[in-house]
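Please read the structure below before turning to the comments.
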Amino acid sequence: MLNHENSHLIFNEARNLMPGGVNSPARAFGAVGGEPIVFDRGEGAYLYDVDGNRYLDYVQSWGPMILGHAHPQVIAAIQSASVKGTSFGAPTQLENTLAKMIIDTIPSIKKIRFVNSGTEATMSAIRLARGFTGRKKIIKFIGNYHGHVDSLLIAAGSSAATLGVPNSPGVTEGVVQDTILLPYNNVEMLKDIFHHTGKEIAAVIVEPVAGNIGCVVGNSNFLYELRHLTQEHGAILIFDEVMSGWRVGKSGAGGRFSLTPDITTLGKVIGGGLPVGAYGGRADIMDNVLPAGKVFQAGTLSGNPLAMAAGIATLKILNETDPFALIERKAATLAEGLEDAAREAKIPVMVEQIGSMMTLFFLTEIDKKTDLYRVSGTTFNGGIVERSTATSTTGGCFSSKITDWESASRCNTKRYADFFWNMLERGFYFPCSQFESFFMSTAITEKEINQTISAAAEVFKLL
């Protein structure tokens, strides 16, 4: 058993200082039980905790660390920027440089505004869409996470389509009354709501690759229909790529799937590990943001020189090394290895993987008849993921079961928790929830992936 004595002491103190002892709820290990690990430092593919334990990291700070931890060029860029001052509340050349790099990479973005988090980016994009269209209603999809914006903190259970009901105290019904919830990947319900209320809808916000029901890809019919319906009815299509940007490919999901949203929100990777967010899109829409237009949005630390420097260094390395095909192959190798190990142990799972994102879903007893199958290594038709079928180990073909929150919520969370703790004890750090994505980094080697698969094979036999 690993020694976590110092982690325990520090976390006990933290509970008297911060709500739940953490500054973000996912860190509290509520979904897997036990106490969180307190970390001291990161280097390359590894995290080191305050007790001196080392872990191969598949969380990657929930996505930003695509180059691994403390990359020398990124650290050097931060250090160089910091000696000049940490914030000016005024324009810098660094903002121009990062803006150009993003605009050159994401085809749908013609102008961009930097903010400090993904939540700020989605909140600002929604306000801009309402200001541009003069409409009130927005559509979001159950299980898609867009930060802790009041109007997006809603759930509708198994309802087909309903006005939002808040699922957090402090969010009033009035705030969410213009938010319409629909199931993810459900084309018919999408068509129906546009048929009845299309001219009232200001925007649709969607994760083209969902990351907080586990990694779940929007299917081709769904994403194409989103683009068609929003254009037909004059609504704004917002791709939330805070998580998928640079993770599913260099030009994000929009570029990979050959789709052009009106607004794209970004974060994580573009800050190189520092707090950042951004929203950008069509110039005629973005020119409605103050001071060019009248839609208000501001931020004291927006375009912070440290975050800009870290982002520039990160994107420069990605542009120069073009690691996207290699990192996707690494993720696919891990996905295939985990599946094979689970099959050998007769543990029913499925893996979904795209780019450097993936999730190992533990199926429940009700799904056991289909045994194990995969949808990673998917093929593409015009850039769109083809989700048709995958072969079961028991024969026959089955479509992907995890397509939305309803299907994801049936997963065996207890078995995932057991997997998590057993892997942690062997020095592998996975997300502390069944409903989060794993992330591959360029720092993780094939040897380390094989070590992960071997460890997982041992663990599956214990579950």
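Here are some notes:
- Enumeration of residues in the range 279-332 that are among the β-branched types (V, I, T), more than 21 Å from the chain's Cα centre (by Cα) and more than 19 Å from I102 (Cβ to Cβ): V295, T300
- Scanning the range 36-63 for residues that are at positive phi and either in a loop (DSSP other than H, G, I, E, B) or in the same structural domain as V242 (by TED's automatic domain parsing) (or both) gives G52, G63.
- R329 meets the conditions (1) part of a helix (DSSP H, G or I); (2) in the same structural domain as N412 (by TED's automatic domain parsing); (3) in contact (Cβ under 8 Å) with a residue 24 or more places away in the chain; (4) out of contact with any Lys or Arg (no Cβ under 7 Å at 6 or more places or on another chain) in every case but one. The failed one is (3).
- Qualifying positions in the range 96-106 - surrounded by fewer than 21 Cβ atoms within 10 Å (Cβ to Cβ) and more than 20 Å from the chain's Cα centre (by Cα): N96, T97, A99, K100, M101, I103, D104
- Inside the range 182-215, residues that are without any contact (Cβ under 8 Å) to a residue 12 or more places away in the chain and farther than 30 Å from N412 by Cα make up a count of 2.
Quick grid of which residues meet (1) assigned by TED's automatic domain parsing to the domain that holds A310; (2) outside any helix (DSSP H, G or I); (3) in contact (Cβ under 8 Å) with a residue 24 or more places away in the chain:
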| residue | (1), (2), (3) |
| --- | --- |
| M65 | no, yes, yes |
| I78 | yes, no, yes |
| A81 | yes, no, yes |
| K84 | yes, yes, yes |
| A90 | yes, yes, no |
| N96 | yes, no, no |
| K100 | yes, no, no |
| I103 | yes, no, yes |
| S108 | yes, yes, yes |
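- From T179, T133, residue being surrounded by 15 or more Cβ atoms within 10 Å (Cβ to Cβ), within 28 Å of R410 (Cβ to Cβ) and either modelled with pLDDT of 90 or more or not acidic (D, E) (or both): T179
The values are calculated or read from the model by the stated rules, or taken from the named source; none is laboratory data. All figures in this text were calculated on a predicted structure; none of them were measured in a lab. Note that each Cβ is placed from the backbone with ideal geometry, even for glycine, and that neighbours are counted across all protein chains shown.
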